[in-house]
């Protein structure tokens, strides 16, 4: 069996090579994105000049430990983040099981180029193999959960308060036939702050696998 951490590290280091001098870089949150930070820190020690934008308090603390300077403006030249599930045909992904999906999506949408890093176990034939995280305001969260249930999801509240002071509902939808349509339905529910469907955002996906790193891009 391959070492999953080794595959994650390979993907992270591959994506980190895309960062150039004077870029503002979105720094993701999660087990694979964690490997991006030391890869960038190593390049900074070699002379790379960048500024990072963190997607969570956890990532910000780690970036400071590693000497990565941080900015407040979320507009970035490139953002690198992990994913929980990746559709290799569309590059649509599910994110947020690490609890930082709102800030992750803000940074992804504000980036000129959004790169996903994963090991090959995250590739799926159809999104929805696992749970879809949905961040909701605390007030009236039960009513919000009922509306999600009416869409076919089975929500369970996670024992977590996000960096933004919200709850996360982990929702089982099963295989999602039309992720863009579901994303639109969720966007219309008052009380939902953000959901983990990242549709049409990724420019490329760096996949760590036993044979090396495979880079997925949409046909041009």
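The values are calculated or read from the model by the stated rules, or taken from the named source; none is laboratory data. Fair warning: this is a prediction, and the values are worked out from it, not measured in the lab. Here Cβ is always computed from backbone atoms with ideal geometry, including for glycine, and neighbour counts include all displayed protein chains.
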Report summary line: A careful count of residues in region 165-179 that are surrounded by 13 or more Cβ atoms within 10 Å (Cβ to Cβ) and closer than 26 Å to residue 91 by Cβ gives 8
Query raised in the report: For region 14-30, does any single residue satisfy the condition of being more than 19 Å from residue 108 (Cβ to Cβ) and either outside the structural domain of residue 100 (by TED's automatic domain parsing) or surrounded by 16 or more Cβ atoms within 10 Å (Cβ to Cβ) (or both)?
Result: no
**Report entry** Filtered residue count, region 101-129, keeping only those that are surrounded by fewer than 21 Cβ atoms within 10 Å (Cβ to Cβ) and within 15 Å of residue 32 (Cβ to Cβ)
**Finding:** 3
Query raised in the report: Just a yes or no: is a residue in region 111-126 touching a strand residue (DSSP E or B) at 6+ places or on another chain (Cβ under 9 Å), part of a helix (DSSP H, G or I), touching a residue at least 24 places away in the same chain (Cβ under 8 Å) and more than 16 Å from residue 11 (Cα to Cα)?
Result: no
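With the structure loaded, tell me whether residue 189 is part of a loop (DSSP other than H, G, I, E, B), touching a helix residue (DSSP H, G or I) at 6+ places or on another chain (Cβ under 7 Å) and surrounded by 15 or more Cβ atoms within 10 Å (Cβ to Cβ) or whether it fails that test.
Values: part of a loop (DSSP other than H, G, I, E, B): yes; touching a helix residue (DSSP H, G or I) at 6+ places or on another chain (Cβ under 7 Å): yes; surrounded by 15 or more Cβ atoms within 10 Å (Cβ to Cβ): yes.
Spelling it out, residue 189 is indeed part of a loop (DSSP other than H, G, I, E, B), touching a helix residue (DSSP H, G or I) at 6+ places or on another chain (Cβ under 7 Å) and surrounded by 15 or more Cβ atoms within 10 Å (Cβ to Cβ).
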Report task. Being under 17 Å from the mean Cα position of the chain (by Cα) and surrounded by fewer than 19 Cβ atoms within 10 Å (Cβ to Cβ) is the filter here, so list the residues in region 88-100 that pass it. Result -> 88, 90
Report task. Please tell me if residue 76 is within 25 Å of residue 170 (Cβ to Cβ), assigned by TED's automatic domain parsing to the domain that holds residue 8, buried (at least 21 other Cβ atoms within 10 Å of the Cβ) and touching a helix residue (DSSP H, G or I) at 6+ places or on another chain (Cβ under 8 Å). Result -> no
